[in-house]
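Undergrad: Here you go, one structure.
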Ligand SMILES: C[S@@+](CC[C@H](N)C(=O)[O-])C[C@H]1O[C@@H](n2cnc3c(N)ncnc32)[C@H](O)[C@@H]1O
């Protein structure tokens, strides 16, 4: 990411280390995320850019799934004073997340669970469910649909999923538009790198 991968950067008020920063290199000697949780993925910046326009009330309970280093969740804790739980199947991502939580001086709760295993208890009181670049393989719509069903049944009012525009995400979008009346739109950001992608927005009218 970026042209100076040894640096620390700030975007949307979130401070983050780039892939070759000393702190990251030290952690990588001890922890090895497996399923693409070894870096920050650009879709999270789309999510932050969109979240800024929502004018969400402070203090929401937010869950980020497939969080990796958790920058979107950290954004919510820092900018929306949200109480945030970051969820990932791979616990090896959490040391990277906690490093960034400390850097940004926020507290983030973590939970190691797969999307499809999250229960109504896990989702109790969540007002915003977010995910960035979490639908990257063909089988992933089949893992995310049970989560979306569970979240809607648990009265989560808003679900936002950002993606670079993969075919697996298009399949998920198509399903959600037909089944839940969801919408999807294209968004572009210029910082920290120029990037375009899609956001899937599922509003739970029964819970609003
Ligand atoms: C491409 S990374 C995106 C990380 C982060 N959201 C970001 O934007 O930088 C995908 C993340 O999803 C996690 N993941 C993959 N399959 C999962 C599943 N079934 N349940 C929960 N997390 C999963 C991986 O461990 C990885 O951290």
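The values are calculated or read from the model by the stated rules, or taken from the named source; none is laboratory data. Remember, it's a predicted structure, so these values are computed and weren't measured experimentally. For neighbour counting, all protein chains shown are included, and Cβ atoms are generated from backbone atoms with ideal geometry for every residue, glycine included.
Undergrad: Looking at the range 139-148, can you tell me whether even one residue there is closer than 14 Å to residue 203 by Cβ, in contact with a helix residue (DSSP H, G or I) (Cβ under 6 Å, 6 or more places away or on another chain), more than 12 Å from the ligand (Cβ to nearest atom) and in contact (Cβ under 8 Å) with a residue 24 or more places away in the chain?
TA: Within the range 139-148, none of the residues are closer than 14 Å to residue 203 by Cβ, in contact with a helix residue (DSSP H, G or I) (Cβ under 6 Å, 6 or more places away or on another chain), more than 12 Å from the ligand (Cβ to nearest atom) and in contact (Cβ under 8 Å) with a residue 24 or more places away in the chain.
Undergrad: Take the range 111-122 and flag every residue that is within 14 Å of the ligand (Cβ to nearest atom), farther than 18 Å from residue 70 by Cβ and touching a residue at least 24 places away in the same chain (Cβ under 8 Å).
TA: Those that are within 14 Å of the ligand (Cβ to nearest atom), farther than 18 Å from residue 70 by Cβ and touching a residue at least 24 places away in the same chain (Cβ under 8 Å): 116, 119.
Undergrad: For residue 106, only one of the following conditions fails: (1) within 14 Å of the ligand (Cβ to nearest atom); (2) surrounded by 15 or more Cβ atoms within 10 Å (Cβ to Cβ); (3) in a loop (DSSP other than H, G, I, E, B). What is its number?
TA: Failing condition for residue 106: (1).
Undergrad: Could you run through the range 123-135 and say how many residues are within 14 Å of the ligand (Cβ to nearest atom) and either free of Cβ contacts under 8 Å to residues at least 60 places away in the same chain or surrounded by fewer than 17 Cβ atoms within 10 Å (Cβ to Cβ) (or both)?
TA: So the answer is 1.
Undergrad: Another one. Take residue 27 and tell me if it is assigned to a helix (DSSP H, G or I) and within 25 Å of residue 196 (Cβ to Cβ).
TA: Judged against the criteria, residue 27 is not a match.
Undergrad: Among the residues of the range 27-48, which ones are in contact with a helix residue (DSSP H, G or I) (Cβ under 7 Å, 6 or more places away or on another chain) and modelled with pLDDT of 90 or more?
TA: Scanning the range 27-48 gives 27, 44, 47, 48.
Undergrad: Here's a follow-up. Can you tell me which condition residue 84 does not meet? The list is (1) touching a residue at least 40 places away in the same chain (Cβ under 8 Å); (2) more than 9 Å from the ligand (Cβ to nearest atom); (3) buried (at least 24 other Cβ atoms within 10 Å of the Cβ), and all the others hold.
TA: Result: residue 84 fails condition (1) only.
Undergrad: Are any of the residues in the range 13-26 away from the ligand (no atom under 13 Å from the Cβ), under 21 Å from residue 80 (Cβ atoms) and modelled with pLDDT of 85 or more?
TA: Scanning the range 13-26 turns up at least one residue that is away from the ligand (no atom under 13 Å from the Cβ), under 21 Å from residue 80 (Cβ atoms) and modelled with pLDDT of 85 or more.
Undergrad: All but one of (1) in a helix (DSSP H, G or I); (2) within 14 Å of the ligand (Cβ to nearest atom); (3) without any contact (Cβ under 8 Å) to a residue 60 or more places away in the chain; (4) in contact with a strand residue (DSSP E or B) (Cβ under 7 Å, 6 or more places away or on another chain) hold for residue 77, so report the exception by its number.
TA: Evaluating residue 77 over (1) in a helix (DSSP H, G or I); (2) within 14 Å of the ligand (Cβ to nearest atom); (3) without any contact (Cβ under 8 Å) to a residue 60 or more places away in the chain; (4) in contact with a strand residue (DSSP E or B) (Cβ under 7 Å, 6 or more places away or on another chain) leaves (2) as the failure.
Undergrad: Any idea how many residues of the range 152-183 are outside any helix (DSSP H, G or I), surrounded by 16 or more Cβ atoms within 10 Å (Cβ to Cβ) and out of contact with any helix residue (DSSP H, G or I) (no Cβ under 7 Å at 6 or more places or on another chain)?
TA: Number satisfying all stated conditions: 3.
Undergrad: Name the residues in the range 38-66 that are within 9 Å of the ligand (Cβ to nearest atom) and not in a loop (DSSP other than H, G, I, E, B), would you?
TA: Once the filter is applied, which keeps residues that are within 9 Å of the ligand (Cβ to nearest atom) and not in a loop (DSSP other than H, G, I, E, B), the range 38-66 yields 43, 44, 45, 47, 64, 65.
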